[in-house]
Amino acid sequence: MNPLKLFGTGRREQSRDTVGAQRHTVISGEVDVSHGPILYLENVTVSFDGFKALNELTLYIDDGELRCIIGPNGAGKTTMMDVITGKTRPDSGTAFFGQTMDLTRMSEYEIASVGIGRKFQKPTVFPRHTVFENLELAMRADKRVWPSLWGRLDGQQRDRITEVLETVMLTGQQALRAAELSHGQKQWLEIGMLLMQDPRVLLVDEPIAGMTHQETERTAELLTGLAGSRSVVVVEHDMAFVRSIARKVTVLHEGHVLAEGNMDEVQNHPAVIEVYLGG
Amino acid sequence: MPSKGLLLRILEHDTGGKIFLSLLAVVAVLVSVLNLAVPEGSPLHVSTYTVTLLGKYLCYALLAVALDLVWGYCGILSLGHAAFFALGGYCMGMYLMRQVGDRGVYGNPDLPDFMVFLNWTELPWYWFGFDQFWFTMLMVMLVPGVLALVFGWLAFRSRVTGVYLSIITQALTFALMLAFFRNEMGFGGNNGLTDFKELLGFNLQNDVTRVGLFLISALTLAVAYFVARYVVNSKLGRVVVAVRDAEDRARFIGYKVESFKLWIFVFSAMLAGLAGALYVPQVGIINPSEFSPLNSIELVVWVAVGGCGTLYGAVLGALLVNFAKTYFTGALPEVWLFALGTLFVVVTLFLPHGLVGLLKRRRKKATLNEAPT
Ligand SMILES: Nc1ncnc2c1ncn2[C@@H]1O[C@H](COP(=O)(O)OP(=O)(O)OP(=O)(O)O)[C@@H](O)[C@H]1O
Ligand SMILES: [Mg+2]
């Protein structure tokens, strides 16, 4: 399987040079990654009733990198994704997509349409829609109201859905309602929806929960294949899985970065050992 | 014929819709013929009273379809939808008042009787234009549409959902009712608008006019059904259902949820306005009681009884409940409200998908039993 083919045409690479000439999104203009990072979180603090879920968190994700984020329960991993996707507004600090796009001032749908896709910790698909329709809804397209009323799927779009159905191994289930899928299949469907969005950054929260060993391996293959042309941020508790895909690992603890480096560096870091084994 | 192909394509997987539309066509033709062509003495004759009653039910059915679009498909439980119906009705009422001309009790060619009675000397500005039929029809859709737009924009933008939204829609219709009760509003106070004479020159008391209105109601219902079905079959329709089932997910894949809610809400309000406009010339009156919160709640019961989220279920529910209502209010007027309440409780407890859901379950069971083992 050639992972680069997952996104079909490679139109994205082209539009990066021609500065959004062909693209039509709510926010015009391409993400500016000329300085390396694609995501900039700086001194982000989020508090819930005085409790700081994120505490002066500073984190950069490079364009094209695969980053694993680990940390104990309640470390703020999901909250970090909430900040990036506009679900939660930080009390202080900044979040930028590329050099120019201030995520804290954009709404959820704008953030999605400029190319940040997200898979939730709890698989969330549209239960009453078929698997096919779930992918169709997620597909990168003009998502405004009137075009949705008149629009019809063209052949190319159908092919794209068929392709992703194969990638996520749901070809046989395409006419089933998503509610009828097993937990693992729902995870895959959500990954499929992420692929359909053709995002620049994929935020993946605990992707392998409920998956068999084989499915886990396939997920690892998929995510590592995507990195390079996209940036992938994976939150996962399963250390074996993280080890199998990780290049760079960030450890979050109590809302800020505890350690960063490759897997071995991180695992031998005294503060990390302290948090995971001590206390 | 391409248009026929389109209509069939819209109904492609809609068995319920096909049955409903066929029945509607048959009943519309049959009732008209039995009223106009069969002499009054004959046992087969359908009285004009019945024709008008049926016409009224069809308006309710259209209103129910409108509610089903926002409630069944988008999950917005509006408890104020009768307000849009009443506004459409008032627009039509204003036109019918202007049509009366100098044949009112006071014989004033410009002012409706109630204004003369209030010693008003000129027509308020918002009554201008309602002597024109085309303007009226425009307003019938625009007035409810604009109200829905403003209200929906405020509510959806601040992400008011669920019970809170239901409560403020209820407050909306209640506020309108109080406003329309006031004489100074210029809509006839608690008497409303009535004593209509003619519509586009047709005498409203004539049998032919009555049958005409009934047929137009049937036709409008059918057309509205097709349009509504097209909408729910479109990608927009799928997004709307997605918003109902997992609003956040829809946001995070790039849909501006508020806009979709607003679109379907406004579209629904316009359909409701149209239903109200067809209703008024048939019942001959529109007054503030049409804004009564209870009306909106009854409407919800119709849709719940029929089964929401199918469109034809809403039609079925509106027809059945209103037949029952006509029967009960004639035979045992004091029990109607209790019957309605009981119906709602029974349906919510035992028939979460309404009568349509029950029928579907039966059919599934039957096919399962038939299947060879
Ligand atoms: N909406 C909220 N209101 C109040 N507290 C919250 C809210 N969201 C998160 N928290 C708290 O913030 C902290 C961080 O939560 P978060 O979900 O980001 O952790 P996490 O690292 O994703 O944990 P897990 O590994 O269990 O998923 C937790 O203590 C959580 O209880
Ligand atoms: Mg989490």
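Nothing in this text is a laboratory measurement; each read-out follows from the coordinates by a stated rule. Bear in mind that the values here come from a model prediction, so they are computed numbers and not experimental data. Here the Cβ positions follow ideal geometry from the backbone for every residue, glycine too, while neighbour counts run over all protein chains shown.
Counting only helical runs of four or more DSSP H residues, what would the 222 nm mean residue ellipticity of chain B come to if each run contributes -39,500 (n - 2.57) and the total is spread over all its residues?
Rounded to the nearest 500, it is -23500 deg cm²/dmol.
What shape does segment B:27-107 have by the C-alpha gyration tensor, where a ≥ b ≥ c are the square roots of the eigenvalues, rounded means a/c under 1.5, and otherwise prolate means a/b greater than b/c and oblate the rest?
oblate
If you look for lysine pairs in segment B:4-370 that are eight or more places apart or on different chains, how many of them have Cα atoms under 18 Å apart?
So the count works out to 5.
Identify the residues of segment B:269-306 with backbone N under 20 Å of a label point that sits 7 angstrom from the Cα of residue B:327 along the Cα-to-Cβ direction, or state none.
B:298-299, B:301-306
Calculate I(q)/I(0) for segment A:102-156 by the Debye formula, one identical point scatterer on each C-alpha and no solvent, and give its log10 at q = 0.14, 0.18, 0.28 Å⁻¹ to two decimals.
-0.50, -0.81, -1.27
Given B:128, A:132, A:203, which one lies farthest toward the positive end of the charge dipole of the protein assembly as shown, if we put +1 on the Cβ of every Lys and Arg and -1 on the Cβ of every Asp and Glu?
A:132
What lysines sit close enough to residue A:52 to cross-link, taking a C-alpha to C-alpha distance under 28 Å and skipping anything fewer than 8 places away on the same chain?
A:77, A:87, A:119, A:122, A:248
What whole-number value in cubic angstrom gives the convex hull volume per residue for the C-alpha atoms of segment A:196-279?
116
If we count every other residue with Cβ under 13 angstrom of residue A:59's Cβ, Lys/Arg +1 and Asp/Glu -1, where does the sum land?
-2
What is the order of B:196, B:344, fewest Cβ neighbours within 10 Å to most?
B:344, B:196
For each of B:182, B:244, count neighbouring Cβ atoms within 10 Å of the residue's Cβ, then give the residues from fewest to most.
B:182, B:244
Give me the tail of P(r) for chain A as a percent: Cα-Cα pairs with distance above 28 Å.
Cα-Cα pairs of chain A separated by over 28 Å account for 36 percent.
Please get the size of the charge dipole for chain B, origin at its Cα centre, with Cβ charges of +1 on Lys and Arg and -1 on Asp and Glu, quoted in debye to the nearest 20.
Dipole about the Cα centre, nearest 20: 1680 debye.
May I ask you to derive the relative contact order of chain B, considering only C-alpha pairs under 8 Å and at least 6 residues apart, and to give it as an integer percent?
Computed value for chain B: 30 percent relative contact order.
List the equivalent ellipsoid semi-axes of the protein assembly as shown in whole Å, largest first, each obtained as the square root of 5λ for an eigenvalue λ of the Cα gyration tensor.
Calculated on Cα positions only, the semi-axes equal 57, 28, 22 Å.
So what is the calculated 222 nm ellipticity per residue for chain A, using -39500 (n - 2.57) for each DSSP H run with n of 4 or more, over all residues, to the nearest 500 deg cm²/dmol?
Result for chain A: -10000 deg cm²/dmol, rounded to the nearest 500.
Multiplying the sequence separation of residue B:131 and residue B:103 by 0.36 nm and subtracting their Cα-Cα distance, what value in nm do you get?
Between residue B:131 and residue B:103, full extension yields 8.6 nm more.
What are the principal axis extents of the Cα atoms in chain B, in Å, biggest first?
78, 59, 52
Quick one: check the C-alpha center-to-center distance for segment B:307-351 versus segment A:196-256, whole angstrom.
Between the Cα centre of segment B:307-351 and that of segment A:196-256, the gap is 53 Å.
At a 10 Å Cβ-Cβ cut-off, how would you order A:232, A:46, B:116, fewest neighbours first?
Ascending number of Cβ neighbours within 10 Å: B:116, A:46, A:232.
Roughly how many whole Å is it from the C-alpha centroid of segment B:220-241 to that of segment B:97-139?
Cα centres, segment B:220-241 to segment B:97-139: 37 Å.
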